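What follows is a set of notes on a single structure, which appears directly below.
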Amino acid sequence: MLLTGFSLLTSLLYLAMLVIAVVALGFAVVAREDAYRAADKQTKPFWLIILGITVVVNLVVPVLFLQLAGLVASIVFMVDVRPAIRQVSGGGRGGRRGGGSSSDGPYGPYNGGR
């Protein structure tokens, strides 16, 4: 009974690490190449290779040490690289969605103090 519960817990942890790696890889694939350079981060091929290896290791090689190293890489991408890329490319909070004027502020258009 105890071993079954532990096995289920470790299986869920492995699945969670795989999901995080796949999501990070998906975001890395979608982002533009020039956004990586503009955000002063590593290149897009670098992150694609690192995150791709992470996904393969999670799928093929069930070695916890390698999976934890991949998890660290995925977390670094998600909390450091991805927000910087989104900020540079105009996405996320503060980005203009659905058009609008270049004089639009956070509370609407700027009318020059009128």
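Among the residues making up the range 20-29, a single one is of a type in the set (A, V, I, L, M, F, W, C) and free of Cβ contacts under 8 Å to residues at least 24 places away in the same chain: VAL29.
One line per residue, one yes/no per condition, for (1) more than 30 Å from GLY90 (Cβ to Cβ); (2) over 12 Å from the mean Cα position of the chain (by Cα); (3) in contact (Cβ under 8 Å) with a residue 24 or more places away in the chain:
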site: LEU12; (1), (2), (3): yes, yes, no
site: LEU15; (1), (2), (3): yes, yes, no
site: LEU18; (1), (2), (3): yes, yes, yes
site: ALA31; (1), (2), (3): no, no, yes
site: TYR36; (1), (2), (3): no, yes, yes
site: GLN42; (1), (2), (3): no, yes, yes
site: LEU51; (1), (2), (3): no, no, yes
site: PHE65; (1), (2), (3): yes, yes, no
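When residues in the range 31-62 are screened for being surrounded by 14 or more Cβ atoms within 10 Å (Cβ to Cβ), in a loop (DSSP other than H, G, I, E, B) and of a type in the set (A, V, I, L, M, F, W, C), 2 of them pass. Does LEU15 qualify as being open to solvent by less than 60 Å² (accessible area, probe 1.4 Å) and assigned to a helix (DSSP H, G or I)? For LEU15, the condition - open to solvent by less than 60 Å² (accessible area, probe 1.4 Å) and assigned to a helix (DSSP H, G or I) - is not met.
Is at least one residue of the range 59-80 of a type in the set (Val, Ile, Thr) and in contact with a helix residue (DSSP H, G or I) (Cβ under 7 Å, 6 or more places away or on another chain)? No, that holds for no residue. For PHE27, the requirement of being open to solvent by 70 Å² or more (accessible area, probe 1.4 Å), modelled with pLDDT under 95 and of a type in the set (A, V, I, L, M, F, W, C) is not met.
The values are calculated or read from the model by the stated rules, or taken from the named source; none is laboratory data. Note that the coordinates shown come from a computational prediction; the quantities given were computed from them, not determined experimentally. When we count neighbours, we look across all protein chains shown, and the Cβ atoms used for this are built from the backbone with ideal geometry, even at glycine. These area figures cover heavy atoms from the full protein model, side chains too; ligands, DNA and RNA do not enter into them. Shrake-Rupley method; radii C 1.70, N 1.55, O 1.52, S 1.80 Å.
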